[in-house]
């Protein structure tokens, strides 16, 4: 600590320090001084919370939209339900608009136009990320449902199950194994996209890093440290996803 204070005073005086001393001072003030590492830790917690809540919203929206669109596409010729067709049209517009516009623009519209009077920027970011993720999750789930043999659903009907029970007990469990890798990738993308809510004032990991950089007047260490933390989180979740996929493959062999 004494060396840090001495070298920091020399830097303030304009003395050019050797590389390793300069590195040590900047690292210390970015992560150690004032227990700033706790701000990064708090930022990680906020990032994981935003990711989890956004994913819940995205999965709920995705499942509903995927079920509506799949039910519409699997209707028999000549037996089209107009109500189902209406909701399918709404779902198509939603998916097209969300997938066709940048996430950043959606955040800015939600933060500064639709919810311009709100000061809970993190909640606005969660809602926006969830709505965005829902469009991608819907297409992932719909692709998994449509890839299954139609005979699976017909078998459920022959057993006396209605449409909902057939989807719940027969179709969805089989489709889940097929779409798990894509859902895992969507989760990882969502985790990284949480950094964008900083643009509307949402609090997460990048928000913590920027707050520290404004105090230390040093950009590199907070931002590089943030990138490393994101990389570690992605590696952890990728590893967990791999374990789950291997277990599902083992259950198939049995």
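Taking every C-alpha pair closer than 8 Å and separated by at least 6 residues, the mean separation divided by the residue count of region 53-179 gives a relative contact order of 37 percent.
Comparing 183, 235, 223 in a Gaussian network model of the chain (Cα springs below 10 Å), the most mobile by mean-square fluctuation is 235. When each of the peptides 241-248, 184-191 is scored by how many other beta carbons lie within 10 Å of its residues on average, the order from highest to lowest is 184-191, 241-248.
The smallest convex shape that holds all Cα atoms of the chain, its convex hull, gives 166 Å³ per residue. Distance between Cα centroids, region 113-152 to region 21-67: provide it in whole Å. Between the Cα centre of region 113-152 and that of region 21-67, the gap is 20 Å. For the pair residue 84 and residue 248, a Förster radius of 30 Å applied to the C-beta separation gives a FRET efficiency near 0.40, rounded to the nearest 0.05.
Remark: relative contact order (the chain) = 27 percent; criterion is Cα-Cα distance under 8 angstrom and separation of 6 or more residues. In this rough spin-label picture, where each label sits 7 Å from Cα along the Cβ direction, the residue 31-residue 147 distance is 4.0 nm. In region 53-179, inverting the average of 1/r over every pair of distinct C-alpha atoms gives 16.0 Å as the Kirkwood radius. Averaging the Cα positions of each part gives two centres, and for region 79-104 and region 177-254 these lie 29 Å apart.
Each peptide in 51-62, 24-35, 107-118 receives the mean, over its residues, of other Cβ atoms within 10 Å, and ordering these scores from highest gives 51-62, 24-35, 107-118.
Only helices enter the 222 nm calculation for the chain: every DSSP H run of n ≥ 4 contributes -39,500 (n - 2.57), and dividing by all residues gives -26000 deg cm²/dmol, rounded to 500.
With a Förster radius of 22 Å applied to the beta-carbon distance between residue 96 and residue 48, the computed FRET efficiency rounds to 0.10. Counting every pair of alpha carbons in region 39-114, the share spaced more than 15 Å apart comes to 70 percent.
Rg and Dmax over the alpha-carbon atoms of region 114-254 stand at 20.7, 69 Å.
Straightening the chain between residue 76 and residue 234 buys 52.6 nm, computed as 0.36 nm per residue apart minus the Cα-Cα spacing.
To the nearest ten degrees, helix 220-253 and the longest principal axis of the Cα atoms of the chain are 30 degrees apart. Cut-off 14 Å, label point 7 angstrom out along Cα-to-Cβ of residue 223: give me the residues of region 193-210 whose amide nitrogen falls inside. Those under the cut-off are 206-207, 209-210.
Each reported figure results from applying straightforward, stated rules to the coordinates on display, with no laboratory input. Here the structure is a predicted model, which is why all the values come from computation and not from measurement. Neighbour counts run over all protein chains shown; Cβ positions are idealised from the backbone, glycine included.
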